[in-house]
2 protein chains.
Amino acid sequence: MTAYLGDWRGRYRGAALCVVRPATTAAVAAVVRVCAEAGVAMVPQGGNTSLCGAATPGSDGRSVLISLSRMRRVRAIDTLNNTITVEAGCVLQTVQEAAAEAGRLFPLSLAAEGSCQLGGNLSTNAGGVQVLRYGNTRELTLGLEVVLPSGEVWDGLRALRKDNTGYDLKHLFIGAEGTLGIITAAVLKLFPKPRSTATAWLAIASPALAVRLLAELQAQFGASLTACELVSEQALDLVRKHLPGAHPSVSASPWHLLIELSGSSDEAALREALTSFLAAALDQRMLGDALLAQSIEQARCLWALRENIGEAQKIEGQSIKHDVSLPISRLPEFVERADRALLLAYPEIRIVTFGHIGDGNLHYNQSTSAAGENAAFLAAQPEVNRIVHDLVHELGGSISAEHGIGQLKRVELLRYKSPVEIEMMRAIKRTLDPQGLMNPGKVL
Amino acid sequence: MTAYLGDWRGRYRGAALCVVRPATTAAVAAVVRVCAEAGVAMVPQGGNTSLCGAATPGSDGRSVLISLSRMRRVRAIDTLNNTITVEAGCVLQTVQEAAAEAGRLFPLSLAAEGSCQLGGNLSTNAGGVQVLRYGNTRELTLGLEVVLPSGEVWDGLRALRKDNTGYDLKHLFIGAEGTLGIITAAVLKLFPKPRSTATAWLAIASPALAVRLLAELQAQFGASLTACELVSEQALDLVRKHLPGAHPSVSASPWHLLIELSGSSDEAALREALTSFLAAALDQRMLGDALLAQSIEQARCLWALRENIGEAQKIEGQSIKHDVSLPISRLPEFVERADRALLLAYPEIRIVTFGHIGDGNLHYNQSTSAAGENAAFLAAQPEVNRIVHDLVHELGGSISAEHGIGQLKRVELLRYKSPVEIEMMRAIKRTLDPQGLMNPGKVL
């Protein structure tokens with residue numbers, strides 16, 4: 001059972017009575033019914049790529065781990081309705097490929113897409129690199145099928161863009177990290193395939209300029225701006241060091257911005273529009289330099305610089321990770337004040353900052369460069385969290401933008417949510433899972 | 001109190017102990033607290049434009065009507081974050097105008113926009129004519145402030161595009177029609193103003209061709225296709241007859257499609273692209289005729305043809321209204337089968353069909369042309385509903401796409417929702433409103 005009992009980051013290791021791998025909704029329901037009758041806790045698990053330990057069981061060994069990985073059928077594609085119906089165990093990349101084969105785009109895209117599963121994406125309301133244009137997993141979901149904690153099946157697999165018939169229950173299960181039931185299938189939105197793409201890597205001086213540039217890009221390109229990713233020089237350095245392959249040579253700069261336009265105009269027109277925009281921005285000194293990808297392959301290499309930051313950081317050693325979001329207007333102030341406070345408290349630390357600034361979402365991670373000292377620094381996580389999360393809270397932000405709460409941020413959640421909100425969440429948990437058997441020790 | 005006790009369509013008239021008009025969140029909370037302590041029911045009301053009687057109190061005269069219309073402040077606009085924070089009593093058009101003044105677009109747009117209020121739009125998850133591109137009110141909402149049935153205030157006014165910190169409670173209140181609490185303010189998304197618009201009126205032979213054309217428009221124009229509205233010749237006739245002003249002369253045709261493109265390209269390019277698309281569609285006989293608006297004024301007149309259908313129908317007399325949605329691929333089959341079944345059962349009826357086919361949403365209304373017979377026909381509403389709604393249900397559709405449930409469709413809801421889903425909804429209602437005081441007799 002080893003592979004199921006630890007998390008991807010290597011922070012958590014739990015124990016379980018057994019691992020069950022049902023292949024159908026009826027089989028999931030049967031397992032849940034038996035567990036509910038016996039009063040045994042259940043931990044649902046997809047691709048096991050959670051960054052917060054949401055899919056790892058506790059250490060008491062008294063729960064049943066339910067892996068959804070055998071529920072991997074694409075049940076239906078409707079190209080006129082632009083929907084795809086998939087089971088929870090489908091790997092994200094499989095869904096992307098099924099959509100592409102049908103001449104459509106499924107836009108959810110993130111670093112773990114080759115192994116994460118849709119059930120996990122739904123349960124954590126995964127974000128990724130195209131949220132700016134297409135929304136989070138929540139916004140991509142039209143319907144759900146859920147096995148409730150009683151073992152009953154809720155068939156909410158509607159494929160409708162408008163449906164106002166009472167409370168919208170699917171939104172309770174999306175992002176609930178398996179604490180209210182087990183998602184077994186979903187109806188997801190598809191989109192027309194973009195007819196053209198333009199990708200560029202920009203050298204910029206500061207987060208404040210990045211936010212200004214974002215506003216100008218949106219004014220100019222509207223919905224065609226499909227990605228806008230911030231990368232600090234330190235983050236880029238880790239990729240250069242640990243994943244040396246053939247990197248496109250991008251200028252040294254304190255900050256970088258990876259942008260992608262895609263849309264319905266033809267590619268030459270799109271590239272031309274972007275080229276004149278970038279020339280004007282260079283003239284106005286909003287950029288230091290700009291590299292416009294000349295081929296799909298070069299665009300892929302630019303994306304690899306961004307997507308491999310997490311992997312490179314893992315090779316370097318553990319770090320204290322923050323996955324925060326802020327009103328976009330407050331991002332520059334956050335970076336400036338958080339950097340200053342952290343460097344004052346821990347002069348030896350390295351801060352790795354990157355993320356989806358088009359969504360106000362930063363990954364903001366700290367470690368020390370010297371491996372020997374890192375263990376001691378990691379022990380300071382509560383104090384580091386306090387500095388970062390208190391500031392996030394002060395600026396109206398969120399302590400978990402796209403990774404969820406899991407085991408990692410349960411105590412933090414209690415600190416920052418109002419008692420009114422925590423009590424509403426608890427009341428809903430008690431109502432839907434009165435025995436408290438679904439993924440105990442996570443979120444609440 | 002008369003104005004508050006009847007609905008816009010003139011179907012419902014209720015009674016109330018009193019009407020209160022609090023001007024602040026604290027005042028709403030104080031009113032709710034007093035009612036909760038006294039065990040008195042509350043009916044929240046915005047612009048009172050519900051089509052389902054959701055804002056009209058029952059006839060027992062034992063509830064307090066809470067009008068939010070004095071809570072009409074725009075609290076904040078953040079152009080870098082693209083958000084606007086408004087109070088529940090803001091008229092929709094006021095919000096659109098505030099956004100426009102700040103150089104942004106608030107895209108929610110519907111016939112009642114001059115009098116409906118945001119609190120009502122949120123409570124019914126209003127749709128309208130730009131859902132295809134921008135989503136329903138739900139998708140436009142980032143945060144809420146809600147006075148709970150206890151009188152406590154939940155401050156969920158977050159202005160974040162990514163926030164995964166536990167259950168997403170705002171989605172419970174959006175679309176709940178005031179049965180779980182009173183929404184007092186919201187943070188809404190703004191968008192870049194489109195730089196160009198092109199509007200066209202198309203004569204088409206059938207709903208099947210409309211759906212095919214929609215798919216081709218989406219493939220060609222992607223996110224630039226911001227509206228796609230179907231209008232039957234009968235619906236258009238009512239506007240010509242009752243609102244005779246200066247209508248653009250559009251060709252007679254069994255069906256019409258009003259489409260709008262808007263986006264970031266320049267207007268000449270957009271119009272040219274649409275012109276060549278329409279020329280090709282004419283060549284392929286997908287269209288009978290096409291009228292491309294030559295000015296903003298002409299575009300406004302084309303939209304008036306569409307927007308005034310409801311008003312014209314009201315002048316003609318009452319009708320049995322259906323607000324249904326279907327998977328877009330099933331729309332043609334629905335129209336064909338529903339028309340056939342209704343005309344067989346009621347040979348004398350007139351069917352008025354129009355709606356947002358880009359969202360799979362049809363307004364499908366029936367009356368008789370002879371006023372004398374109409375009263376008798378209206379009495380047949382249960383049988384007419386049965387024919388229409390049974391077919392909607394069979395085809396995987398919804399009996400309320402954008403108008404909600406209110407009093408009108410409460411019994412229908414029980415017929416079509418699964419017992420599992422109804423019981424979950426009731427459990428949530430009992431949990432958040434244990435005394436059952438919030439807008440009783442609506443939805444559940």
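Every number in this text was worked out from the coordinates using simple rules, so none of it is lab data. Here the structure is a predicted model, which is why all the values come from computation and not from measurement. For neighbour counting, all protein chains shown are included, and Cβ atoms are generated from backbone atoms with ideal geometry for every residue, glycine included.
Calculate how steeply helix A:233-242 sits against the longest principal axis of the alpha-carbon atoms of chain A, using the helix alpha-carbon long axis, and give the answer as 0 to 90 degrees to the nearest 10.
So the helix axis and the longest Cα principal axis differ by about 70 degrees.
Just B:341, B:38, B:98 to compare: in a GNM of chain B, with alpha carbon springs under 10 Å, which one fluctuates most?
Per the Cα network of chain B with a 10 Å cutoff, B:38 tops the list.
Using Cα atoms only, what is the angle between the long axis of helix B:267-283 and the major principal axis of chain B, expressed in degrees (0 to 90) to the nearest 10?
Result, in degrees: 60.
Label residue B:215 and residue B:19 with points 7 Å out from Cα along Cα→Cβ: what is the distance between them in nm?
5.1
Would you mind computing, in nm to one decimal, how far apart the modelled labels at residue B:115 and residue B:340 are, each placed 7 Å from Cα along Cα→Cβ?
4.1
HN-Hα J couplings of the stretch B:364-371 from phi, Karplus 6.51/-1.76/1.60, θ = phi - 60°, integer Hz, Gly and Pro as x?
With the stated coefficients, the stretch B:364-371 comes to 9, 10, 10, 7, 9, 5, 7, 4 Hz.
Which of the three applies to chain A, rounded, prolate or oblate, going by the alpha-carbon gyration tensor with a ≥ b ≥ c and a/c under 1.5 meaning rounded?
Judged from the Cα gyration tensor, chain A comes out oblate (a/c at least 1.5, b/c at or above a/b).
Within 10 Å of each Cβ of A:319-331, how many other protein chain Cβ atoms are there on average?
4
Do you know the relative contact order of chain A, to the nearest whole percent, from alpha carbon pairs under 8 angstrom that are 6+ apart?
17
Using the 7 Å Cα-to-Cβ label point, sort the distances from residue B:373 to its equivalents in the other copies shortest first and give them in nm to one decimal.
9.0
Can you list the residues, at least 5 places off or on another chain, whose amide H is less than 5 Å from the amide H of residue A:111, using H built in the peptide plane?
none
Just to be sure I understand: with springs between alpha-carbon atoms less than 10 Å apart, which residue in A:143, A:288, A:89 has the highest mean-square fluctuation in the Gaussian network model of chain A?
A:288
Which residue, A:118, A:414, A:105, has the most motion in a Gaussian network model of chain A that connects Cα atoms within less than 10 Å?
Most flexible of the set in this elastic network: A:414.
Please arrange B:31, B:129 by how many other C-beta atoms lie within 10 Å of their C-beta, fewest to most.
Ordered from fewest to most neighbouring Cβ atoms within 10 Å, B:31, B:129 come out as B:31, B:129.
Quick one: check the C-alpha center-to-center distance for the stretch A:1-26 versus the stretch B:73-105, whole angstrom.
47
With n ≥ 4 as the cut-off for DSSP H runs, can you work out [θ] at 222 nm for chain B, using -39500 (n - 2.57) per run divided by the number of residues, rounded to the nearest 500?
Per the formula, -11000 deg cm²/dmol.
In terms of modelled amide H atoms, which long-range or inter-chain residues lie less than 5 Å from the amide H of residue A:54?
Distant-sequence amide H within range of residue A:54: A:407.
In nm, give the distance between the simple-model label positions of residue A:243 and residue B:381, each being 7 Å from the Cα along the Cα-to-Cβ direction.
6.1
Taking each label point as 7 Å beyond Cα in the direction of the beta carbon, state the distances from residue A:13 to the same residue in the other copies, shortest first, in nm.
7.6
Going by a ≥ b ≥ c, the root eigenvalues of the Cα gyration tensor, does the stretch B:1-132 fall in the rounded group (a/c under 1.5), the prolate group (a/b larger than b/c) or the oblate group?
Note, shape of the stretch B:1-132 comes out oblate.
Pull out the extension gain between residue B:73 and residue B:418, defined as 0.36 nm times the separation in residues minus the alpha carbon to alpha carbon distance; nm, one decimal.
120.1 nm
Taking amide H atoms as placed 1.01 Å from N in the peptide plane, list the residues 5 or more away in sequence, or in a different chain, whose amide H sits under 5 Å from that of residue A:144.
A:156, A:157, A:158, A:187
Exposure proxy check: B:387, A:183, B:315, B:259 ranked by fewest other beta carbons within 10 Å?
Listed from fewest to most nearby Cβ atoms, that is B:315, B:387, B:259, A:183.
For the stretch B:196-310, give the magnitude of the charge dipole about the Cα centre (Cβ charges: +1 Lys/Arg, -1 Asp/Glu; no others), in debye to the nearest 20.
260
Please determine, in degrees from 0 to 90 and to the nearest 10, the orientation of helix A:207-221 with respect to the longest principal axis defined by the Cα atoms of chain A, where the helix direction is its Cα long axis.
It works out to around 90 degrees.
Largest first, please: the extent of the C-alpha atoms of the protein assembly as shown along each principal axis, to the nearest Å.
Answer, in whole Å and largest first: 91, 62, 52 Å.
Within the stretch A:209-249, name every residue whose backbone N is under 11 Å away from a label modeled 7 Å from Cα of residue A:289 along the Cβ vector.
A:249
Summarise the long-distance tail of P(r) for the stretch A:317-401 by giving the % of C-alpha pairs beyond 14 Å.
Beyond 14 Å sits 59 percent of the P(r) for the stretch A:317-401.
Can you compute 3J(HN,Hα) from phi for each residue in the stretch A:312-325, using the Karplus curve 6.51 cos²θ - 1.76 cosθ + 1.60 with θ = phi - 60°, rounded to whole Hz and x for Gly and Pro?
4, 5, 5, 5, 5, x, 5, 9, 8, 9, 10, 10, 10, 10
Can you sort A:199, B:94 so the residue with the fewest Cβ neighbours within 10 Å comes first?
B:94, A:199
Could you tell me which of rounded, prolate or oblate describes the stretch A:196-310, using a ≥ b ≥ c as the square roots of the eigenvalues of the alpha-carbon gyration tensor, with rounded for a/c under 1.5 and, failing that, prolate when a/b is larger than b/c and oblate otherwise?
Since a/c reaches 1.5 but b/c is at least a/b, the shape of the stretch A:196-310 is classed as oblate.
Give me the dipole magnitude in Debye, nearest 20, for chain A about the Cα centre, with unit charges on the beta carbon: positive for Lys and Arg, negative for Asp and Glu.
880
Using a label position 7 Å from Cα in the Cα→Cβ direction, what is the ascending list of nm distances from residue B:435 to the same site in the other copies?
Copy-to-copy label distances for residue B:435: 3.5 nm.
Go ahead and collect, in residue order, the members of the stretch A:368-406 whose backbone nitrogen is under 13 Å from a label point 7 Å along the Cα-Cβ direction of residue B:155.
What the label zone holds, given the 13 Å backbone N cut-off, is A:393-397.
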